[in-house]
1. When you go through (1) within 11 Å of chain B (Cβ to nearest Cβ); (2) touching a residue at least 60 places away in the same chain (Cβ under 8 Å); (3) closer than 17 Å to A:Cys130 by Cα; (4) not polar (S, T, N, Q) one by one for A:Pro51, which number turns out not to apply?
2. What is the number of the single condition among (1) within 23 Å of B:Leu150 (Cα to Cα); (2) touching a residue at least 24 places away in the same chain (Cβ under 8 Å); (3) open to solvent by 50 Å² or more (accessible area, probe 1.4 Å) that B:Glu13 does not meet?
3. Exactly one of these conditions fails for A:Ala232: (1) open to solvent by 20 Å² or more (accessible area, probe 1.4 Å); (2) under 17 Å from the mean Cα position of the chain (by Cα); (3) closer than 23 Å to A:Gly22 by Cβ. Give me its number.
4. Can A:Ser5 be described as within 12 Å of chain B (Cβ to nearest Cβ), among the hydroxyl-bearing types (Ser, Thr, Tyr) and closer than 23 Å to A:Leu190 by Cβ?
5. Please name all residue pairs, on different chains or six or more residues apart, with Cβ atoms under 8 Å, provided the first residue is in region A:216-238 and is more than 14 Å from every other protein chain (Cβ to nearest Cβ) and the second residue is aromatic (Phe, Trp, Tyr).
6. Starting from region B:152-172, take each residue that is modelled with pLDDT of 95 or more and list its partners that are open to solvent by less than 60 Å² (accessible area, probe 1.4 Å) and among the charged types (D, E, K, R), counting only C-beta distances under 7 angstrom and pairs at least six apart or across chains.
7. Restricting to region A:88-126, name every residue that is open to solvent by 10 Å² or more (accessible area, probe 1.4 Å), at pLDDT below 95 and not in a helix (DSSP H, G or I).
8. Where in region B:138-256 are the strands (runs of 3 or more DSSP E), entirely inside, with at least 2 residues that are within 14 Å of another protein chain (Cβ to nearest Cβ) and surrounded by 18 or more Cβ atoms within 10 Å (Cβ to Cβ)?
Amino acid sequence: MVDLSVKLGSLELKNPVMTASGTFGYGEEYEDFIDIHSLGGIVVKGTTLHPRQGNDYPRMAETPMGMLNAVGLQNVGVDQFIQSIYPRIKHYKTNILVNVSGSTVEEYVETAEKINELESIPGIELNISCPNVKEGGMAFGTSCPSAIAVTSAVRDVYKKHLMVKLSPNVTSIAEIAKGVEGAGADSVSLINTLLGMAIDAHSRRPVLSTITGGLSGAAVKPIALRMVWQVANAVKIPIVGMGGISSAEDAIEFMLAGATAVEIGTANFIDPRITIQIIDGIRSYLESHQMNSVQNLIGGLITE
Amino acid sequence: MKYIHDFTIVSNERQTTDFVVLTLQAGEAPLPEIHPGQFAEVRIDGAPGVYLRRPLSIHDVDYDKQQIKLLVQEVGKGTKILTQQAVGSMVNMVYPLGKGYDLPDSKRVLLVGGGCGVAPLLFLGRHLKKNGISPRFLIGTRTSANLVRLEAYNELGEVMVTTEDGSAGTKGYVINHPVMRTEEPDFDWIYTCGPEPMMKILAKYADHHDLTCQVSLENHMACGIGACLCCIAPTKDGNKCTCTDGPVFDSKYLQW
């Protein structure tokens, strides 16, 4: 019997597989396909202080081994989340994290304060890396001082697990990771989407209404893996790795690079059962490599 | 309830230069109840540059034989690979997805399809007939060579045709057909699927004559189950997912 559990600071995960915000709704969307309780955790849709309609259609472009999105944080707002969605999902026997975003430090703080009151939400993922909103979002995550400022402001009011989601659209992701670690983050998750673009050669127009958007899917995996490895060498807090993970092997590679847990994103769109398949695959890997705990994989990259 | 199932292709019949009908045999699990207008997210493997599933409307369902038919128009890399799949190969589908067409509160209905938009109207026509309503079809294409499976529609009810080049039926667009030109339309419900400009004209026509018009949108999707929020349509209640709140909407609900 292999042990799949991992610890992410104060969070105990029954296995290292979580779902990435914006790809898994509130979990309910996947109930017909998988047992949500079996997941290590779910990170629900990016939530802001006020409801947001998001960007205009078209918001999606398929690209080689990936996709661009420009959803723009469409969500019902934190109050509606607390009133109508939270009561429906709080029974999930898994770690439910809320991805929190905002346009100003005050908005992040106020949203985090409200979520702090929710008994069944043991943590938040602070989204300082959304490339699809004009103000805020990624603007906080691409400069070290602003990443530190928003993290410490939220840290002051948020008492549970504070995970900060980092942007890959920076010169040194390790520097930002160190900054938010110093500002009180309990963990970092990476990577958010890479800023990209698609053009329709025939119409000579951009495919997305916003012209640029966030690239995700298998295409980004090597970049994400490299960044997880760099951040693992820079910080002591646990890392949640993501970026194109589509199989158990992919997940294991992120753990070897230094991630304690992983988030599965775009792969959910291709197979809604993929998270469970990845959990099963990790178990089989451990059994066939005669390892008794998944924790043995974390940072286990052999470089000499 | 939504499912993810493997199907076996039992026939692959080319209709025209770019339309193919695939007949898919369900595996051990029986087909769930499928509503006309619902769709499937079809996985396409082995096509370079194709990463996501393709949303395709359900063309027909045969519960006795446990078969689903898809009418596939080759519009890009994904659909081209799908139509080349040999009989005997497997196709994985997430289905049945979305909200389909409603039953009408009148027996006088007109089903209007443009191009590939005729696909869901066959199953809808079958469903209406089963409920004691005679479907009438108005099908518009660019040219007569693009008319597909007219005999199947004919079995269910009257079929009227328009072609842009006049090679079959009335020359022009569906809105130019005599059935649409009378002072008082002899139908109370319009069901439509096809190019957005066509559906917008029908929505206006329905407003003008105080008819109900249900349109099926064909937005680009990633997940198909309301998780990614990519396929939104603007409605009176803000942006709604075409995959879960649609693809069929009452035209008055949309903010076109």
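The values are calculated or read from the model by the stated rules, or taken from the named source; none is laboratory data. If you're wondering where the values come from, they're calculated on a predicted model, not measured in any experiment. For neighbour counting, all protein chains shown are included, and Cβ atoms are generated from backbone atoms with ideal geometry for every residue, glycine included. We work out accessible area using only protein heavy atoms, side chains counted, and drop any ligands, DNA or RNA first. Shrake-Rupley method; radii C 1.70, N 1.55, O 1.52, S 1.80 Å.
1. (2)
2. Here B:Glu13 meets the rest and fails (2).
3. (3)
4. no
5. A:Ala224/A:Phe254; A:Leu225/A:Phe254; A:Val228/A:Phe254
6. Here the result reads B:Gly157/B:Arg136; B:Glu158/B:Arg136, each pair linking region B:152-172 to a residue that is open to solvent by less than 60 Å² (accessible area, probe 1.4 Å) and among the charged types (D, E, K, R).
7. A:Ser103, A:Thr104
8. B:232-235, B:238-241
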